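The values are calculated or read from the model by the stated rules, or taken from the named source; none is laboratory data. What you are looking at is a predicted structure, and each value in this text was computed from that prediction instead of being measured. Don't worry about glycine lacking a Cβ; one is built from the backbone with ideal geometry, like all the others, and counts go over all protein chains shown.
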Amino acid sequence: GELLEALKLRGMYDNSLIIVTSDHGEAFGEHGWVGHGQLLYEMLVHVPLVIRYPHAAVRGVEDRAISLTALGGLILDEVGIEYAGEFNSAGAAQAETHGFASVDCGSLSILTEIILDDDSTLHAAYDDRMVKTILASNGPAQVYDLTVDPRELVDLSAERPEAIGCALGALQARSRRLVRTRTADRDPTAISARLQRQLKSLGYIE
């Protein structure tokens, strides 16, 4: 309240772009975890995002997944600054099907990632039907239908192997588009032997 009042007192409120959000959530025992920084479940990555545009030019509520990496481009667009490159590095990508020729992956977004202390990675991908896939470089993938299972209690990876394939395709497509700033020996598309066995047992790969 004090910040908004200060903007109003200075005559800056009407012309200001105001964004309220958070960098992460917090776990309080869900999935056996307390804290943040090691998992990509919704209680950790589903954060508020409230935007007040100058002169309240845009109003409404959007019920869709979006990455905080999109905010940089949004801010620059709003203030009229041109920029080169792909600011929203977690934007939607048309995924490859990886052997599922009849699968429609739709529009997928790799919305968040974590690099853990052991240099392993976690990525979370969402499709336009709010099916979420968590990819781990050193473990099995997980699939959740957030429309019916918002607490991510029922892993559908055995029933929905095509979701894993779509997510892998989106991740690899994203990696090819980006100029990587990580060390050359870290491959964000690599999958673990355990995940390979999981996919093979499902008949997904040979």
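If we keep just the residues of segment 121-170 that are in contact with an Asp or Glu (Cβ under 9 Å, 6 or more places away or on another chain) and of a type in the set (Ser, Thr, Tyr), which is modelled with the highest pLDDT? Within segment 121-170, the match that is modelled with the highest pLDDT is 144.
All told, residue 31 falls short of being within 21 Å of residue 115 (Cβ to Cβ) and in contact with a Leu (Cβ under 6 Å, 6 or more places away or on another chain). The residues listed here are 10, 59; of these, the one that is surrounded by fewer than 15 Cβ atoms within 10 Å (Cβ to Cβ), at pLDDT 90 or above and not hydroxyl-bearing (Ser, Thr, Tyr) is 10.
Please verify whether residue 63 is of a type in the set (Asp, Glu) and in a helix (DSSP H, G or I), treating the condition exactly as stated. The answer is no for residue 63. For residue 23, the criteria (1) in a loop (DSSP other than H, G, I, E, B); (2) free of Cβ contacts under 8 Å to residues at least 12 places away in the same chain; (3) surrounded by fewer than 12 Cβ atoms within 10 Å (Cβ to Cβ) hold in every case but one, which is (2). For segment 26-56, the candidate set comprises residues that are over 22 Å from the mean Cα position of the chain (by Cα) and surrounded by 11 or more Cβ atoms within 10 Å (Cβ to Cβ); within that set, the residue that is nearest to residue 149 (Cα to Cα) is 52.
Any residue in segment 140-167 that is closer than 18 Å to residue 112 by Cα and without any contact (Cβ under 8 Å) to a residue 24 or more places away in the chain sitting within a Cβ distance under 6 Å of a residue that is outside any helix (DSSP H, G or I) and not acidic (Asp, Glu)? List the pairs, counting only those 6 or more apart or interchain. Cβ pairs passing all conditions: 142/134; 142/157; 143/133; 143/156; 143/157; 143/160; 144/132; 145/131.
Pairs are defined by a Cβ separation below 7 Å, a sequence spacing of at least 6 or placement on different chains, a first member in segment 64-79 that is in contact (Cβ under 8 Å) with a residue 24 or more places away in the chain and over 14 Å from residue 48 (Cα atoms), and a second member that is surrounded by fewer than 16 Cβ atoms within 10 Å (Cβ to Cβ) and not acidic (Asp, Glu); the pairs so defined are 75/17; 78/17.
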